Structures are given as C-alpha cells and as structure tokens.
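What follows is one structure encoded as structure tokens, with my remarks underneath.
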Amino acid sequence: VPRPPPPTTTMPDCIVDLSVLAGAFLLWQKAQNAKEKKRRERHKVASRLAKQFLDRDLSKELSYSSSVVGQLPLGADTSATAALAAVQSYQDQHSSGAKAAPEPLIPAFSVGLLRCGGFGGDVGGPEVETTLCEELKAWLLSAATGAVPADEVASRTEFYHHLIMRPETFSDAAFLSTIAVVCSHLEELRGRLQGAVRGCATLLSKVFSTGRAFVEGLLPILLLAMTDALELGTVPLLTVDCLVRSAVDAAAAADRGAFGGAPGDVLGGVWSKDFGRILQELLFTPHMQEVWGFEVDRDSLRRARCRGVLDLWLELRHKWMDAVDAGMSMDETGLEEHFRGKERRDVQQVYLDIFKQLDNVVKFLSMLGHYKTLAGIGGDVAMFHLRERLHHLLQEVELSVIQVSHSMSRIMSEVRHVVVDLAVREPRPVGRRRAWIERLQHIDEATLSQSFRALLEAMRELRCLSSEARLPALQSSCRKSLEKIAAVTASPEFRLRCAEAPPQIALPAFSEVVAPPALEDDRGLRALPMSTAAGGQSGDVAAPHAELAWSMDRQLRLGVPEAPHAGLGALPSVAARKLESVADLGDVVGGLNRGEIAENDEVCVVFCAASQEYVALYRPDCEAAALAALGLEASSAPSGPGAPPAVLISPSEAAERPDVADILAAAAAPDVASGEGVADSPRTAAVAVANSARVVDEAEQAAFYSLLFSAVLPLLGDPSVDFLTPRSVKALFTRADLAPETLNAVMRLGLGRGWAAIEDEACVDAKGLQRVGGLAAHAQMLGETAAGGHPVESDLRPIF
C-alpha cells in the first residue's frame, strides 16, 4: 500500500502579514531615524553658531509652528520690513511642513512579548528652520523700530552668512535663498546705522574715563614715592576728590592762622611743602575742575593764591637747583631725605616735570570733553568733519601721556634702588623711614600700566574711526538716509496726510569720494588700495552722477623695446614724471583728479623705471590721443567702459612666454569670415592676451572673492573691522603651491612693495584679495606652461 504524501506545512496568513508589517515598520523606522539624525545635526550646528555670534541658546526658543506678523507701525525701517516679508513668505509657502506638536501616527500594540507602535511623525521636535525663522522675525520687529545697534546687525549678518556657507547641513534651497535675501537687507540696514552711529562718542568717553583713571593712578606716586610729608596714620584712598577736600580745608585753616590742615587729616602737612603747593595749583586749575566735575569756591581760590602750574613749576625748578648746588636745606621741598642730595638732582627735576606734564594731560582731556559733546550730537559725521583738529589733539594727549609714563618709570626705578640700599644697610628700619617704605605698597604700577595701554589703544581706535577711510561708508549711509526721507516725503500716502504739501527739494549732490589712505612701501612711495582702483572710487559708494577725469582704467602701457623714440622721448611729461614702480600710478591718478598735478593735455605719459615701460593715462574719450602719444594706431583698440586696460607686450617678451605664443599666432591668423588679416602689432597682442585671460566674468570673480573674503575673515582676521592683514592674505595663498619668490612677487604687485612693513595692519578688503588671487592664478598658469619654472615679478608685471 503506497504511503500517503507528507502533509505540506504552510504558515498561517496572519504570520505572513505580521512579517510584512514588521519589515515595513522597520524600514519606516530607519527612515525616521535618519531624518531625526539630520534634524539633530542641523540643530547642533545652528545652536553652536548662535552661541558663537549671537550669544543665544536656541534650545530655549523652540517653535513648532509659524506665526503671522501683524501690521508694522508707521516709520518702520524699510530694510527690516523687507527682510520680515521675505521670511514670512517662506513660511507661508512651507507652512504645511510645520505641525503644532508631534502626534502618534501608529497606535501602540503588543505581539506576544514584542511591543510595537506608539511612534509619531515628528520624533524629536520642531524643525530648526522654523525655530530660526521665528527667532529672526521677533528680532526684525525690534530692528524695524530702530532699537538695535549696528554691531548687533553685523553679528547677526555674520551668523546668517555662516548658515549659507553650510549647504551640506541646511539642504533646503528655499530656506538658504531666503536667508541670503535677509542678509542683503541687513547689509543695507547696517550701512544706514553706521552713518548714524556714535562710535566716536563712545570712544571719546572711553578716552575720557581711562585718562581720568591714569591721572588718579599717578597720585600715589606724587604723594608717596619721593616724599615724606604725610602724617603718621592710615593713608586714605588717594583720589582727586579726596585731595581737593583736604586742600580746601588746609587753605581755610591757613587763612585762620592754623597750619597743618584739619585735625586727624593725614594729608594736612602736605600743602605747606613745595610739592604740595604745586599739587594744589594743579588741583585748582579750571580744566581739572571741568574734567572731574567739581567747583572750587572763590574764597578757597583766594586763600590758595593760585598763580598757575607753569609759573610755580619754573620757580621751584630754580629754587631746588640752587638749594642743591649751594648745599642749603631741602626741608621745605617735602622730599624724603634720600632724595635731597646732589646725586639725586636729575630725578628731582623729573619729579617736578610730572606736574607740568600732568597739567598738559588734564588740559587736553578737558578739550576732548567738548568733542565728546559734539560727537553725541552730530555722530561720527561730525567727528569726520573735525578729524584734523581731533587728530592733532589726540597727538598732543598721546605725547603728554608718554612723557608722564617715562617720568614715572624713572622715578620708580630710583625708588627701588633706594629701598634696596636701605634694606642692605638697615634691615629693620623704624619711625618715619619704616612708614615711608610701607606706604610704597599703595603704588599700583601694574594698574597704572594697564590704564596707560588702554588710553593709547582707545586713542588709536578713535583715530581710525574718524579717519578718511570711513568717508565712503559715511557718504553711503547719508545718501541712503536722504533717499529714504525723499521717498517717504514723495509718497502719496504721506502727502495725503499733510495739511500743506511739502516742497519738492532735490537731494544734495555729494562730492567725489576721497581716496582712502594708501599703502606705503619702504621707500616712502604709496600704492593706491585696490578698492579705489576703478576711477578713484571705493566700493559701491561711487557717485553715479560724475565721472572722474583720470582713472586707472584708462591707461595704455608700452615696453621700452616697442617705444617709438621719435616724439615720445621729447614729451615734457615723460621727463618730469618718473616712477619707481607701476604701483605708484595710483598717486599720479589721485594727484591729477585733485588738481595737485597740473595737466592741461588730454594725455599724461609717465615712465616706470622698475618695469621699463611707458604708461599713458588719458581722459574719457581720448584713447586715440593716448595711442598717438605712444606712436600706435587705434584700429584694434577696444573701447567702452567695460573694455579692459591694454597691456602691451614686446615681441621678445612674447617669444619667451609659451602661453602667449599661441595667442599671438591666433591673433595673426586671417579672419576667414571677413577675408581680412589682423595686424600683427603689440596692440593686437595686448587685446588677445587680455581677452584670453578673461575666462570668468568680472561679476562672477567679484562674487567669488567676496564670498571667499566673508569665509576667511572670521578665521584669519577680525570681523569687526572688515579687513584682512597682508600676513593673513599671504598665509591664505600659501596653499596655492607657489614658490616663495613667486608668492612674494604676487604680494608686491597686488599690495605694493611695502606690504611687508604693514603686514600686521588690517588694510586688505575683498577687492585687494581679488587682486592677489588673480595674480596667483596667473602665476600658477605660467608655472604650468613653463614646465616647472617659477614665475618671477618680471613675468607677472605684464599681467599687472
């Protein structure tokens, strides 16, 4: 009997369904975990950047949904309003992705011992983009009312720049585009705020306060270092107010016939001594009263018989010298006995000089107080207008402070020598000598040196903040503010609310932008910064209504081998104007525009000794005259504002350069379409070289280097000044794998021959970085075509 077939084992349908469901669930959970991991990474990066630039904690500002901004008040800032509208538009288009709170999508259930479900769509919390947008909108509402300073706007702009530079983390293209729009509006807002800021007023207040601290730090030296006139007892805190009260009481007691000051006053015996008299003169001067804000009544001034610090200083100077030379008693001086001898004569005069120098310091500080008042009213624009007088006053303060510091160091050095000698001869002094040594601990030289450095640093910052380099930013800010006012007053809404129609007033015309300070080399020659190379103007603040007569863009160059000697050498301008390097052309262009160099012709020809070439500068629409001055024809000359400046290369130089040989051959080839040949001239070669090198559009280059500048500034420079140092620029282009001599040539041509002398000064902007980068790129190209040879300055000069 055949056996029956074995029964087939099949899994129940419920088991199969559960397996499929578990697999699908695991895949879904894996996708959710990956999404959550990316969300946490975005939140981590944003929190770190917010802590670094904004000093805020994003974890405390989580937002699950977007809000709607209501009507802004009248007069709200236009840039902040536009940025707010861009953020709101982004949120309106992506509002479906935001949820009020994470809700479970799968209910919890159990399969045997396995528990499943209970998971939500938003596992970890809100999206970081929603949180950033909500926080930004709240800040923009306050910025629209003008309640944020320019520094805060700059910090926030830098924060959003760093978000844009991380597309691998923030992959939402719409979000990054919105942040980029916000950054552009914030830059406009920052420009307007910088024109209205009172940074000079803040720095003047800092100079004022640190100057007062410096003067009060010197009082213990004046009273305790070389003198021994204080009574035994506890020395009070030596401040100007304390000394003034003691001096007034002593003058009143002397008027009553009682000398020595008030009872219990340790300082009472000071004012009858010589050094006490000149100190009293210093305390009672009008400028001392103005700086410290007190007033001495007329009776006290009458009793003190004030004569002036300078007169009393001159009297005491001769009195002390005569007493020392004649061996007379020095008790009236108030000096400690070890400083009364003839061997200390020099230090005695140094001690008296401190009073005269301090009088100068306080006098100049009182004058700075008036500038502080003006800066609080007129802002940085007023300080720029008064910069020459202000800088002269700062120079006087700096000179007086340095003199005081040197005198103080000399006195304290002598005091230390005396203390050491006393410790050797008399290890345990007693009486007034011991009290004098113990009171020396009230002199805090470290704090005094700190006040000295802080005062010099504040004056340096103030000098930079009111220099000519700020003129473009101030003009741009004023222009935008006036344009905003004109737009508001011209709007129909504003005119409908006016009882009388406002007059139609044209905006004032701004004068041409003054070129910022130039970089100087070791020979004292200057090279105009790259930000002003185009027409002597800087940045985007060039006046659109006027074109400069002379510009770096309108120039032709011709090497000596190609110069037609007939006629060119006879030009008087060539003999009168010889330059050491091409970088000095900036000075010539600036002098021509300012009228410092008289030039009535249409063309100004100069000769550069370093590059052995003639350079013809010409006025607008006078290129033909420039070509005629160089003995060339204008047949192939490019024209128009966008045409690049011609760089004329001699045939011998072209033959030595393989990268130019092919271009010359192409330029000399006949035009098949027209049937005409192209003239084989240096001018044609120059146009071919210039056009071949223009691989990338100028706008794209400017955008790239602007982005590169923003990226490297936080790493290599100080974001608060918006400039890089030449040292950091060289460190950046060290990665270009150029030979040291080639990199040095690039730096010399890009930043001027004197770049090494100012390598630690922040003076290179995005235009300067673009200049150095372009030269580095040409150097790399020349190095590749030269089969490993290192380009030098002579190879790069034609490109320059």
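Quick notes on this one:
- Number of the condition not met by residue 395 [criteria: (1) open to solvent by less than 30 Å² (accessible area, probe 1.4 Å); (2) of a type in the set (S, T, N, Q); (3) without any contact (Cβ under 8 Å) to a residue 12 or more places away in the chain]: (1)
- The set of residues in the stretch 333-347 that are in contact (Cβ under 8 Å) with a residue 60 or more places away in the chain and either touching a Lys or Arg at 6+ places or on another chain (Cβ under 9 Å) or open to solvent by 40 Å² or more (accessible area, probe 1.4 Å) (or both) comprises 333, 334, 335, 336, 337, 338, 344, 347.
- Test: residue 465 is of a type outside the set (S, T, N, Q), crowded, with 18+ Cβ neighbours inside 10 Å, in contact with a Phe, Trp or Tyr (Cβ under 7 Å, 6 or more places away or on another chain) and at negative phi: no
- Test: residue in the stretch 134-155 that is touching a Phe, Trp or Tyr at 6+ places or on another chain (Cβ under 6 Å), under 20 Å from residue 88 (Cα atoms) and at pLDDT 85 or above: no
Rundown of residues vs (1) modelled with pLDDT under 75; (2) open to solvent by 50 Å² or more (accessible area, probe 1.4 Å); (3) farther than 25 Å from residue 703 by Cα, yes/no style:
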residue	(1), (2), (3)
731	no, yes, no
734	no, yes, no
742	no, no, yes
749	no, no, no
762	no, yes, no
770	no, no, no
779	no, no, no
784	yes, yes, yes
792	yes, yes, yes
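- Of all residues in the stretch 422-431, at least one satisfies being within 30 Å of residue 272 (Cβ to Cβ), of a type in the set (A, V, I, L, M) and open to solvent by 10 Å² or more (accessible area, probe 1.4 Å).
- Inside the stretch 180-202, residues that are small (Gly, Ala, Ser) and at pLDDT below 70 make up a count of 2.
- Matching residues in the stretch 184-242 - criterion: being free of Cβ contacts under 8 Å to residues at least 60 places away in the same chain, assigned to a helix (DSSP H, G or I) and closer than 14 Å to residue 279 by Cα: 216, 219, 223, 240, 241, 242
- Residue match in the stretch 222-230 (condition: over 30 Å from residue 370 (Cα atoms), open to solvent by 60 Å² or more (accessible area, probe 1.4 Å) and more than 45 Å from the chain's Cα centre (by Cα)): no
- Residues of the stretch 348-374 satisfying the condition of being buried (at least 21 other Cβ atoms within 10 Å of the Cβ) and more than 22 Å from residue 213 (Cα to Cα): 348
- Selection within the stretch 27-63 - loosely packed, with under 12 Cβ neighbours inside 10 Å and among the aromatic types (Phe, Trp, Tyr): none
- Considering the conditions (1) part of a helix (DSSP H, G or I); (2) open to solvent by less than 60 Å² (accessible area, probe 1.4 Å), residue 146 is excluded by exactly one of them, (1).
- In summary, residue 323 fulfils each of the numbered conditions (1) open to solvent by less than 20 Å² (accessible area, probe 1.4 Å); (2) among the hydrophobic types (A, V, I, L, M, F, W, C); (3) touching a residue at least 12 places away in the same chain (Cβ under 8 Å) with the single exception of condition (3).
- Checked against (1) assigned to a helix (DSSP H, G or I); (2) open to solvent by less than 10 Å² (accessible area, probe 1.4 Å), residue 270 meets all criteria but (1).
- Residue within the stretch 480-494 that is aromatic (Phe, Trp, Tyr), part of a helix (DSSP H, G or I) and touching a Phe, Trp or Tyr at 6+ places or on another chain (Cβ under 8 Å) present: no
- Residues of the stretch 304-320 that are open to solvent by 60 Å² or more (accessible area, probe 1.4 Å) and assigned to a helix (DSSP H, G or I): 310, 311, 314, 315, 317, 318, 319.
The values are calculated or read from the model by the stated rules, or taken from the named source; none is laboratory data. Computed from a predicted structure; not experimentally measured. Cβ atoms come from the backbone with ideal geometry, glycine included; neighbour counts cover every protein chain shown. Each accessible area value is taken on the protein alone, full model and side chains, heavy atoms only, with ligands, DNA and RNA left out. Shrake-Rupley method; radii C 1.70, N 1.55, O 1.52, S 1.80 Å.
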